[in-house]
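Presented below is the structure to which this report refers.
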Number of protein chains: 2
Amino acid sequence: MQNFTKYLKAKANIPEPEFQLLIKKVKLKNIEKGETLLRPGEICRHSFFVEKGLLRSYTVDNSGKEHIIQFGSENWIVSDRSSAFFNEPSDLFIDAIEDTNVVLISSDFINEASEISSSFRHFNQIALQNHIRHQQKRINLLLSASAETRYMNFITLYPDLTLRVPQWMIASYLGITPESLSRVRKELAHKNFRPN
Amino acid sequence: MQNFTKYLKAKANIPEPEFQLLIKKVKLKNIEKGETLLRPGEICRHSFFVEKGLLRSYTVDNSGKEHIIQFGSENWIVSDRSSAFFNEPSDLFIDAIEDTNVVLISSDFINEASEISSSFRHFNQIALQNHIRHQQKRINLLLSASAETRYMNFITLYPDLTLRVPQWMIASYLGITPESLSRVRKELAHKNFRPN
DNA sequence: CCTGTGCATTGATGTATGATAAGAAGGATA
DNA sequence: TATCCTTCTTATCATACATCAATGCACAGG
């Protein structure tokens, strides 16, 4: 819970009494490695703030292949925004890559916080805009860059994840096979590139 | 201007006097086919509501290739949201595919409308969430689907654009070469698929 | 009417990445 | 220590898509 309160206080300036009321609305949950928080068809009722640990969200296509949408480690929020906001059935899985400690943020929480505090509204705006910017960059990379470039971009952007996440998941995030990623890494090693 | 006022009234319930004040804030602009509205390095000062015509936004990679991010025909808004919101230099081009009539929406307009009307705030929220959902789907397609599938998806999603936009631009949007798209279309024709 | 310019098509060839299969290298667990 | 797993690598072959080059149209401007 400490990370979450720190995070929220840093991002939104909510007066203390209201803050205390709000904070009662969220719950903690511990999940084990491999445990699933959301499945396709379900409606995403909570956003998950990661206190400690590592989550991922991903789709599974009709040939059974996984495609990772997002990783979320400490101080990140993982969610299916569309499902949560529009009350639609999700088409994502969310599960835990490591034993994880999450804060459950309900839509109610967000709505109430928005009513109470214009500062929170602003924070929420920024979060949405950041999300859009991030997705934009990813689309652009997928359109224009080779596997190698995409991987380079990943490790500079998420050096921590590069170490914590198994390679086959990184490959999935990049839209390539684990074998291809292995080749790319070999190439990079040849070129005397060291990820450290 | 008619489309824009109709659009805004339908989306946000702003009391008439305030609406009249707001509407004075926007300007009209006519641009010719090929004319450019935004270049990389510039800050995106306006969102462009398309009254009539057709815009596109795109990046150019370091080998000179264009990658189309978005098309916008009547009643669509084209913009670089990140640049506009965060006041950062854009890395997009925006230009006109046809002679086009746009409404210039400044950040001021959006801020003022947000202050005046909670209904407008809500509309804006929905617009952002829709944007996220749309990008999410596109990322998922780029990660998981073949050129053929991506094209099929495009023509069912945007049958109008399929007719108005030159094929090489559609190819660019899909992340393939015009030659590949041509072959994909041939394949589909063989399979007795008719886009009509 | 000719001619230039941009776009779509087609063919030949190349290359990055996928598919499949097998082995090697840890980590966990008994 | 022995035995599983899971992950990562390596090798071979297959394929989707890119690249390069040529041709055919259509349409605009002289």
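Observations on the structure shown:
- Check on A:ILE139, under 16 Å from the mean Cα position of the chain (by Cα), closer than 21 Å to A:HIS67 by Cα and within 14 Å of another protein chain (Cβ to nearest Cβ): no
- Residue tally, condition aromatic (Phe, Trp, Tyr) and within 11 Å of DNA strand C (Cβ to nearest atom), over region B:158-193: 1
- For region B:146-190, the helices (runs of 4 or more DSSP H) that sit wholly inside it and include 2 or more residues that are away from DNA strand D (no atom under 12 Å from the Cβ) and within 14 Å of chain A (Cβ to nearest Cβ) are B:147-157, B:167-174.
- Residues being crowded, with 18+ Cβ neighbours inside 10 Å and under 17 Å from the mean Cα position of the chain (by Cα) - total across region A:9-52: 10
- Lone unmet requirement of (1) within 16 Å of DNA strand C (Cβ to nearest atom); (2) at negative phi for A:GLY64: (2)
- Test: residue in region A:106-124 that is farther than 30 Å from B:SER63 by Cα and within 15 Å of DNA strand C (Cβ to nearest atom): no
- Those strands (runs of 3 or more DSSP E) of region B:56-117 in which 3 or more residues are of a type in the set (Gly, Ala, Ser) and within 13 Å of chain A (Cβ to nearest Cβ) are absent.
- Residue list for region B:163-189, filter: surrounded by 16 or more Cβ atoms within 10 Å (Cβ to Cβ) and touching a residue at least 12 places away in the same chain (Cβ under 8 Å): B:VAL165, B:MET169, B:ILE170, B:SER172, B:TYR173, B:LEU174, B:GLY175, B:ILE176, B:LEU181, B:VAL184, B:ARG185, B:LEU188
- Some residue of region B:142-153 being surrounded by 15 or more Cβ atoms within 10 Å (Cβ to Cβ), charged (D, E, K, R) and within 15 Å of DNA strand C (Cβ to nearest atom): yes
- Boolean, A:ALA113 is small (Gly, Ala, Ser) and in contact (Cβ under 8 Å) with a residue 40 or more places away in the chain: yes
- Among the residues making up region A:9-33, a single one is in contact with a helix residue (DSSP H, G or I) (Cβ under 6 Å, 6 or more places away or on another chain) and either assigned to a strand (DSSP E or B) or among the small types (Gly, Ala, Ser) (or both): A:ALA12.
- Search result, residues across region A:76-96 that are in contact with a strand residue (DSSP E or B) (Cβ under 9 Å, 6 or more places away or on another chain), crowded, with 19+ Cβ neighbours inside 10 Å and farther than 24 Å from A:THR5 by Cα: A:SER83, A:SER90, A:LEU92, A:PHE93
A short reminder: the numbers here are calculations on the coordinates, not readings from a lab. What you see is a predicted model, and the numbers here were worked out from it, not measured in a lab. Neighbour counts run over all protein chains shown; Cβ positions are idealised from the backbone, glycine included.
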